[in-house]
Amino acid sequence: MNRGILFVWLAALSVMTSAIAGERIEYLNSSGTLPDNLPFSAAVRVGNTLYLSGQVGVLPGTMKLAPGGLEAEALQVMKNIEAVLHANGYKLKHLVKCTVMLADIADWAAFNVVYQDFLQKPYPARSAFGTSGLGLGARLEVECMAAKE
């Protein structure tokens, strides 16, 4: 099974298990990073866990990628993740898992430079893989989960 599909399946299983356990589920779109008319939520909170939709390097409130290539997109992706977290009462330190999808896996090292500017030890768990294409022609997409005790 493709790792990306497995990850999505496991995340969905976690949400369903929490729902069965009676935890409240909230669908959230208050960060302003994406236009409101898209067919998904920016984040879903189940109990104390926040599941973020994948972020590409779009400028806030638009569908336009940050100009300047991978580094500019990576910087915008991390800013967008931070904005979604903050809009919902979380911080970067609450990240527990990130999945990085790169249009070219050769960009992994360049992404790591930007990623480490935003996060400190202990780092969240992370996976990265190359893809054959991403929405809007993006060079990368990052989805994360955050949790509070």
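The values are calculated or read from the model by the stated rules, or taken from the named source; none is laboratory data. Note that the coordinates shown come from a computational prediction; the quantities given were computed from them, not determined experimentally. Positions of Cβ are generated from backbone atoms using ideal geometry, with glycine treated the same way; all protein chains shown enter the neighbour counts.
Couple of notes before you dig in:
- The condition (being over 23 Å from residue 29 (Cα atoms) and not in a helix (DSSP H, G or I)) is satisfied by just one residue among 146, 128: 128.
- If the condition is being modelled with pLDDT under 85, within 13 Å of the chain's Cα centre (by Cα) and small (Gly, Ala, Ser), then region 32-65 contributes only 41.
- Consider region 107-131 and keep the residues that are of a type in the set (Gly, Ala, Ser) and either buried (at least 17 other Cβ atoms within 10 Å of the Cβ) or without any contact (Cβ under 8 Å) to a residue 12 or more places away in the chain (or both). The one that is nearest to residue 53 (Cα to Cα) is 128.
- Scope region 24-68; condition loosely packed, with under 14 Cβ neighbours inside 10 Å and in a strand (DSSP E or B); matching residues: 25, 26, 27
- Tabulated pairs, region 81-93, first assigned to a loop (DSSP other than H, G, I, E, B), second of a type outside the set (Ser, Thr, Tyr) and at pLDDT below 95, C-beta under 6 angstrom, 6+ apart or interchain: 88/28; 88/43
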